[in-house]
1. Name the strands (runs of 3 or more DSSP E) wholly inside the range 76-177 in which the number of residues that are open to solvent by 20 Å² or more (accessible area, probe 1.4 Å) and within 20 Å of residue 54 (Cβ to Cβ) is 2 or more.
2. What number of residues within the range 55-85 satisfy the criterion of being closer than 21 Å to residue 198 by Cβ and among the charged types (D, E, K, R)?
3. For the range 181-201, name all the residues that are open to solvent by 60 Å² or more (accessible area, probe 1.4 Å) and either assigned to a helix (DSSP H, G or I) or not charged (D, E, K, R) (or both).
4. Would you please name the residue that is surrounded by the most Cβ atoms within 10 Å (Cβ to Cβ), looking only at residues in the range 48-75 that are closer than 22 Å to residue 115 by Cα and among the β-branched types (Val, Ile, Thr)?
5. For the range 62-72, give me each residue that is more than 16 Å from residue 49 (Cβ to Cβ) and touching a residue at least 24 places away in the same chain (Cβ under 8 Å).
6. Quick one: in the range 101-150, of everything that is in contact (Cβ under 8 Å) with a residue 12 or more places away in the chain and among the β-branched types (Val, Ile, Thr), which residue is farthest from residue 176 (Cα to Cα)?
7. Collect the residues in the range 153-189 that are without any contact (Cβ under 8 Å) to a residue 40 or more places away in the chain and under 28 Å from residue 142 (Cα atoms), keeping them in residue-number order.
8. Identify, please: which residue in the range 76-91 is within 25 Å of residue 110 (Cβ to Cβ) and of a type in the set (D, E, K, R) and is, among those, nearest to the chain's Cα centre (by Cα)?
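The values are calculated or read from the model by the stated rules, or taken from the named source; none is laboratory data. No experiment lies behind these values; they were computed from the predicted model shown. For neighbour counting, all protein chains shown are included, and Cβ atoms are generated from backbone atoms with ideal geometry for every residue, glycine included. These area figures cover heavy atoms from the full protein model, side chains too; ligands, DNA and RNA do not enter into them. Shrake-Rupley method; radii C 1.70, N 1.55, O 1.52, S 1.80 Å.
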Amino acid sequence: MNPCKVSAPPSQKTMAPVSLFMTPLMTRATAVSLLLLLAACSPVFNWREVRPDNTALTALLPCKPDKAQRSVPLGGRPTELAMLGCDAGDATFAVAVATLDDAAQAAQAAAVLAGWQTATLANLKAAGGGQTSPLKLPGADLLPPAVLVRASGQRTDGRAVQSQAAYFSQGRQVFQAVIYADKIDPEVAETFFSSLKLDAGTPR
């Protein structure tokens, strides 16, 4: 059994207080062990469920996200991009969504997502263009298929960085879910990407 595992739901933010008073029978070794245990259970990754506004997407983020919006060129035209993102455990996590203007543009979702991938890899100066693999994502459109792109590149200051980014769509909406870190923890990545889910039958 993992003594650090929290069984309460992510929305519950209160914990029972830990007494710092020790009985005379508590040895120094026991006290040191307790302090080490408390340090090991520090909630570096405090996972909670989030849903970007006006989408059918739910995801887990390991920290309280900030919101941002900006206009970016997607599909050959300026498109409003809404983002949720935060930093935890020396990694950056973000979920971004864009709603395409019309049905004609939505029909080109594959080209829009491909262009998004290309622009992200170019910004990273990714060596080899990244490695793409299929991603099983409940509720996502089958065409274009959801994919996961792994890449290594550079931050703006020249330091090395790894990235893993999922690209997928539902109806007129296209999505990116991404992690950036010096070294991405496989278990953390699995928790993040396996949490992605789109409510079926509710494309926007």
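1. Qualifying strands (runs of 3 or more DSSP E): 77-88, 91-99.
2. Matching residues across the range 55-85 total 2.
3. Step one: of the range 181-201, the residues open to solvent by 60 Å² or more (accessible area, probe 1.4 Å) are 182-183, 185-187, 190, 194, 197, 200-201.
Result: 186, 187, 190, 194, 200, 201.
4. 55
5. 72, the sole residue that qualifies.
6. Only one residue tops the list, namely 132.
7. Across the range 153-189, the qualifying residues are 162, 164, 166, 186, 187, 189.
8. Once the filter is applied, the top-ranked residue is 80.
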